[in-house]
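The values are calculated or read from the model by the stated rules, or taken from the named source; none is laboratory data. All figures in this text were calculated on a predicted structure; none of them were measured in a lab. Please note: Cβ atoms are built from the backbone with ideal geometry, for glycine as well, and neighbour counts cover all protein chains shown. Only protein heavy atoms, including side chains, enter the accessible area calculation; ligands, DNA and RNA are left aside. Shrake-Rupley method; radii C 1.70, N 1.55, O 1.52, S 1.80 Å.
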Amino acid sequence: KSTILQSQYFREKRTETSKKMGMEAGLPKAVVPVGRAYVQVYDSENTTTFQKTLKRDQGGNSSPTGIESVDLTYDYVSKDRDFLKEKVINRNSLDNNGMDLICNVHFGVKYNNAFWDGEQITLGDGDGIIFTNFSKSLDVIAHELGHGVVQFTADFEYHGQSGALNEHFADVFGTVITQWVENQTSDKADWLIGDEIMGPELYGEALRSMSEPGTAYDNSILGKDPQPAHMKDIYTGTGDNGGVHINSGIMNKAFYLTAIEIGTDQAALIWYNALQNLWPTAIFKEAVGEIVKAARILAKNNKVDKDATQRVRTAFREVGLF
Ligand code: ASN
Ligand code: ZN
């Protein structure tokens, strides 16, 4: 049932990109000059061509186009870039080196997905039955851009527990940026990913719930939300690359539990510091170790509350990870 989240284009483009960047051969990534962190939105015009027609370009024609998908995506990606740069984590675009933020909208025909492929984000229109236009969802866009940040930091391998960490951190960026843009505190936020794109046939409130993993939907099209919220229920099958979109629920719940105690900004700062110290094959326990360590250092330097370390430990204990 998770086939909806798996995309042929995503897999092909990702392989192509990693080959191009020499990632598969284990070559060092090229050093690029500091960029402008400009947003560029291309229209695939319902083909599967990437960077087909440039519709809105911060370095050139930057005015609104009147095309809803283009303008929404431009606004959301700009806000994402501003958050990374100005709030909490002070990061200069996805690579911390000012790379431009390239987006493709109206990808394919009734394409039911959105993805980061190693160098850009791509959004479908949805089929209007299961999903509506992916450009309408800030948390989905921030999730996809979050995969970009992950790639330039821990670069988690996209399978098993490391893959679930990749998905987890992407969801953290999704919710944190949405909460900032919508001016919500952790107790007021909905903690949902993809609530804006659920089609009329899809009974359920979102793709994922970070506060109550496993409860986002239950219907005849997608089945029941498969996310566990505790290690005792961890998925060990081979579907979904070994449960990358499934087991992320466990880590998501721990982030939520931390954020409702110390606030989303402090939780985000801790997680982001840990992300920079993590590595491609890391598993949950190792991520927990780095997150607890980051909390301790930040608390010592008065960047987060004194009791933050304890709060983090308690959160991980509640999901069976500490
Ligand atoms: N929308 C999905 C994601 O960002 C695409 C995929 O299958 N990886 O996780
Ligand atoms: Zn993802």
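Checking each residue in region 99-119 for being of a type in the set (S, T, N, Q) and surrounded by fewer than 23 Cβ atoms within 10 Å (Cβ to Cβ) picks out ASN112, ASN113.
Quick one: which strands (runs of 3 or more DSSP E) sit completely within region 92-173 and have at least 1 residues that are modelled with pLDDT of 95 or more and under 13 Å from the mean Cα position of the chain (by Cα)?
Values: elements: 101-107, 114-116, 121-124.
Passing ranges, in order: 114-116, 121-124.
When region 40-71 is examined, which residues are found to be open to solvent by less than 70 Å² (accessible area, probe 1.4 Å), more than 11 Å from CYS103 (Cα to Cα) and part of a helix (DSSP H, G or I)? Matches in region 40-71: ASP71 only. Restricting region 289-298 to residues that are of a type in the set (A, V, I, L, M) and surrounded by fewer than 21 Cβ atoms within 10 Å (Cβ to Cβ), the residue that is nearest to ARG311 (Cα to Cα) is VAL292.
The rows are residues; the columns are (1) in contact with a Cys (Cβ under 6 Å, 6 or more places away or on another chain); (2) away from ligand 1 (no atom under 16 Å from the Cβ); (3) in contact (Cβ under 8 Å) with a residue 24 or more places away in the chain.
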| residue | (1), (2), (3) |
| --- | --- |
| ILE89 | no, yes, yes |
| MET99 | no, yes, yes |
| ASN104 | no, no, yes |
| PHE107 | no, no, yes |
| LYS110 | no, no, no |
| ALA114 | no, no, yes |
| ASP117 | no, no, yes |
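Across region 221-258, which residue is nearest to GLY128 (Cα to Cα) among those that are polar (S, T, N, Q) and open to solvent by 30 Å² or more (accessible area, probe 1.4 Å)? That would be ASN241. Among the residues of region 179-211, those identified as part of a helix (DSSP H, G or I) and either more than 19 Å from ALA254 (Cβ to Cβ) or outside the structural domain of MET251 (by TED's automatic domain parsing) (or both) are TRP180, VAL181, ASP195, GLU196, ILE197.
A single member of THR178, THR132, THR153 is free of Cβ contacts under 8 Å to residues at least 60 places away in the same chain, closer than 27 Å to VAL41 by Cα and either surrounded by fewer than 19 Cβ atoms within 10 Å (Cβ to Cβ) or away from ligand 1 (no atom under 13 Å from the Cβ) (or both), and it is THR178.
Can you say whether MET231 is more than 23 Å from TYR272 (Cβ to Cβ) and at pLDDT below 95, as far as the supplied structure shows?
On the way: more than 23 Å from TYR272 (Cβ to Cβ): yes; at pLDDT below 95: no.
So MET231 does not fit the description; no.
The residues of region 206-217 that are of a type in the set (D, E, K, R) and closer than 16 Å to HIS143 by Cβ amount to a single one, ARG208. VAL319 passes every criterion in (1) over 24 Å from VAL181 (Cβ atoms); (2) open to solvent by 10 Å² or more (accessible area, probe 1.4 Å) apart from (2).
Pairs meeting the criteria (first residue in region 232-250 and assigned by TED's automatic domain parsing to the domain that holds ALA287, second residue crowded, with 17+ Cβ neighbours inside 10 Å and basic (Lys, Arg), beta carbons under 6 Å, at least 6 apart or on different chains) are lacking.
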